[in-house]
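Comments concern the structure below.
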Amino acid sequence: MESVTEQRKKKILSCIQPSGIPTLGNYLGALKNWPPLAEEFDGAFAVADLHAITVRQEPAKLRRQTAEVLALLLAIGLDPDKTIIFVQSQVPAHAQLAWVLNCFTQFGEMSRMTQFKDKSAAHADNVNVGLFAYPVLMAADILLYQADLVPVGADQKQHLEIARDIANRFNGIYGDVFTIPDAYIGKSGERVMSLQNPEKKMSKSDPNPKGTISIFDAPEVIMKKVKSAVTDSEAKVRFAEGKDGINNLMGIYSCCTGLSMEEIEREFDGKGYGDFKVRVGEAVVEELRPVRERYERIISDKAYLKEVAEKGAEAASGIADRTLKKVMKKVGFWIP
Ligand code: AQP
């Protein structure tokens, strides 16, 4: 009988798209939390390149960014000997299960997805079927690994709901095939906004580089970007409605230092935005420095990266293929 200490750890899955150079937003909102999650849970972490091509990508750039994001996953401290780290397109089961799940997903429910509405407005010249079916591929990612938990930000909640609906629908017809995933709400990952337009989230595909801090920006570039961040005319560091620029910088500073908003307000009481921005810039530089240093060592070792990718794909396929095979049998595919 399984003893309490031998009980299986819950499974958790998280992905990041190689659609650009990851930002401080990706780091503080997601990546920073992954190594502790990998300790606590049975984790799988993927570079989601299949998702990335829902928006047109330049092939050479996509290839380079995929290797860079994989190197970054190692640089943040994920250990490939303990955790599955893989590139999504190297595990064919993702695309295969997504096709099956497409046939169990209604056009009407997909049409309600707000990310599709936003992204199709932003890429009006390329509103492709993949962009529309993005949440089904995400459901396949999650369900293949029988993940119990998926860390999701506010923008992904709707997609997780769809994954649960699809899984419940499938299980309702064929029996218990999929684990129904729950959202993992951990220590709040800060939602980082653009430095130039603080009503919009900081995004790696933002064409305006001034609004975005890349994880690999040099210290002087970070300082310059923070110093030119949009603020307001009140000249008082306080967290309040209508002060989106300052609220965003306070959120960033809080994530980097662990200080609460009240403590930050006290620290900068009587000081102007100039002093505040210098401290925010320094805190960001110090936060990203070890990651960038480790990244630079890893990215130059292509043989090691290849080894990690191959090992990760093999381990991920081992789990994913088992689920896929079950699904294929259930829907009636002939497996001779
Ligand atoms: N600004 C943000 N603040 C906090 N968290 C963020 N994330 C993204 N931007 C912020 C979180 O990062 C994880 C990986 O994101 P993704 O690459 O899968 O896709 P995304 O959310 O679409 O990220 P981007 O940077 O905005 O990419 P593009 O520009 O390609 O669309 C997710 O957990 C996400 O919540």
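The values are calculated or read from the model by the stated rules, or taken from the named source; none is laboratory data. This one's a predicted model, so the numbers in the text were calculated from it and none came from an experiment. Don't worry about glycine lacking a Cβ; one is built from the backbone with ideal geometry, like all the others, and counts go over all protein chains shown. SASA here: full protein model, heavy atoms, side chains in, ligands and nucleic acids out. Shrake-Rupley method; radii C 1.70, N 1.55, O 1.52, S 1.80 Å.
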(message) What three numbers, in Å, describe the spread of the alpha carbons of the stretch 15-86 along their principal axes, ordered from the longest?
(response) 36, 23, 19
(request) Run the quick spin-label model on residue 210 and residue 275: label points 7 Å from Cα toward the beta carbon, then report their separation in nm to one decimal. (result) 2.7
(message) Please state the shape class of the stretch 157-260: rounded when a/c is under 1.5, otherwise prolate if a/b exceeds b/c and oblate if not, all from the C-alpha gyration tensor.
(response) prolate
(request) Would you calculate the separation in nanometres between label points at residue 176 and residue 103, each defined as 7 Å from the Cα along the Cα-to-beta-carbon direction? (result) 2.6
(message) At a threshold of 8 angstrom on Cα-Cα distance, excluding pairs fewer than six apart, so keeping six or more, what relative contact order does the chain reach in percent?
(response) 22
(request) With a 1.4 Å probe and every protein chain left in place, work out the accessible area per residue of the stretch 154-242 in Å², rounded to a whole number. (result) 55
(request) Work out how much length residue 63 to residue 115 would gain on full extension: take 0.36 nm times their residue separation and subtract the Cα-Cα distance, in nm to one decimal. (result) 16.2 nm
(message) I'd like the distance between the alpha-carbon centres of the stretch 1-78 and the stretch 97-139, rounded to an integer number of Å.
(response) 22
(request) Mind grabbing the accessible area of residue 287 for me, 1.4 Å probe, Å², rounded to tens? (result) 30
(message) What does the C-alpha gyration tensor say about the overall shape of the stretch 102-205? Classify as rounded when a/c is under 1.5, otherwise prolate if a/b is larger than b/c, or oblate.
(response) oblate
(request) Whenever you get a sec, compute what percent of the accessible area on the chain sits on carbon and sulfur atoms (1.4 Å probe). (result) 52
(message) For the stretch 155-266, what does the relative contact order come out to in percent, with C-alpha contacts under 8 Å and a separation of six or more?
(response) 18
(message) Need one number: nm distance between label points at residue 236 and residue 303, each 7 Å from Cα along Cα→Cβ, rounded to one decimal.
(response) 6.2
(request) Quote the convex hull volume per residue of the stretch 1-138, based on C-alpha atoms, as a whole number of Å³. (result) 153
(request) May I ask for the percentage of alpha-carbon pairs in the chain that lie more than 27 Å from each other? (result) 49
(request) Determine one quarter of the surface area of the Cα convex hull of the stretch 171-231, which equals its mean projected area, and express it in nm² to one decimal. (result) 7.4
(request) Treat every Asp and Glu Cβ in the stretch 249-316 as -1 and every Lys and Arg Cβ as +1, leave all other atoms uncharged, and give the resulting dipole magnitude about the Cα centre to the nearest 20 debye. (result) 300
(request) Only Lys, Arg, Asp and Glu count, each charged at its Cβ (+1, +1, -1, -1), so figure out the dipole size of the chain about its Cα centre, rounded to 20 debye. (result) 740
